[in-house]
Amino acid sequence: MDSLKAEIAAVAARIVVEEGQEYGPAKHRAVKQMGLPGRTALPDNDAVEEAVIDYISLFYAETQPGELRALRRLALTWMQRLASFRPHLGGGVWHGNATRLSDIYIQLFCDDCKSAEIALIDHGVRYIARTITGFHGAPVEALSLNAFCPDLNDMTAIHLLVYDHDDVRGALRPDAKGRTPRGDLAAVQALLHDQGT
């Protein structure tokens, strides 16, 4: 990676950690903050993720593990509530580079894609439905809500990405780094056990 892309990744990482922005918007803000042309080549998400890990280790090494544990516990609570929809945790909370400002991303794999939405309505959960880009680049319905995180004493955004039941096979293929890109209930419980919770 060239030095300019590395610098953009570093600035984007600060924005991700300090402001809770997603990688894409953070890269564009970094370019703008650095006074670079809008068409500047951006680093890939892996470069930003590495920069986020470096930034956390430099500035948040003492607090981030507890914040990550709190987010994983909240994610587990929601995964247990939605167990019938085969929930899988993804994103920074799964990979271990989330902080208190990070959103939680849970993928649901349903026989009927509307059933998750109906379950939220039945339980009186307020949410916003929208369409976003999913893990294969195809549009996917996202049900976004805010939930209180007791361990952080703050509200946390949770995004439920609703997929067809058969999509679960492709969802578990290792990513470019050879990592499992998301984990089910048992995997999240194991992560928390490993963290001493």
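Here are some notes:
- Number of residues in segment 102-113 that are modelled with pLDDT under 95 and hydrophobic (A, V, I, L, M, F, W, C): the value is 3.
- Condition met for ILE106 (surrounded by 13 or more Cβ atoms within 10 Å (Cβ to Cβ) and in a strand (DSSP E or B)): yes
- Segment 129-147 residues that are surrounded by 12 or more Cβ atoms within 10 Å (Cβ to Cβ), paired with ones that are at pLDDT below 95 and of a type in the set (Phe, Trp, Tyr) (beta carbon under 8 Å, 6 or more apart): GLY134/TYR163; VAL140/TYR163
- Residue count for segment 17-33, restricted to those that are buried (at least 18 other Cβ atoms within 10 Å of the Cβ) and touching a Ser or Thr at 6+ places or on another chain (Cβ under 8 Å): 2
- Unique residue being without any contact (Cβ under 8 Å) to a residue 40 or more places away in the chain, in a helix (DSSP H, G or I) and either outside the structural domain of ARG14 (by TED's automatic domain parsing) or in contact with an Asp or Glu (Cβ under 6 Å, 6 or more places away or on another chain) (or both) when the list is VAL168, VAL188, VAL93: VAL93
- Test for PRO25: is it more than 24 Å from ASP151 (Cβ to Cβ) and either more than 19 Å from the chain's Cα centre (by Cα) or assigned by TED's automatic domain parsing to the domain that holds ARG179 (or both): no
- Answer residue from segment 34-49, given it is over 17 Å from SER3 (Cβ atoms) and not charged (D, E, K, R) and is surrounded by the most Cβ atoms within 10 Å (Cβ to Cβ) among those: ASN45
- Residue within segment 27-42 that is β-branched (Val, Ile, Thr) and part of a helix (DSSP H, G or I) present: yes
The values are calculated or read from the model by the stated rules, or taken from the named source; none is laboratory data. For clarity, every value in this text was computed on a predicted model and none was experimentally measured. Heads up, the Cβs are rebuilt from the backbone with ideal geometry, glycines too, and the neighbour counts pull from every protein chain shown.
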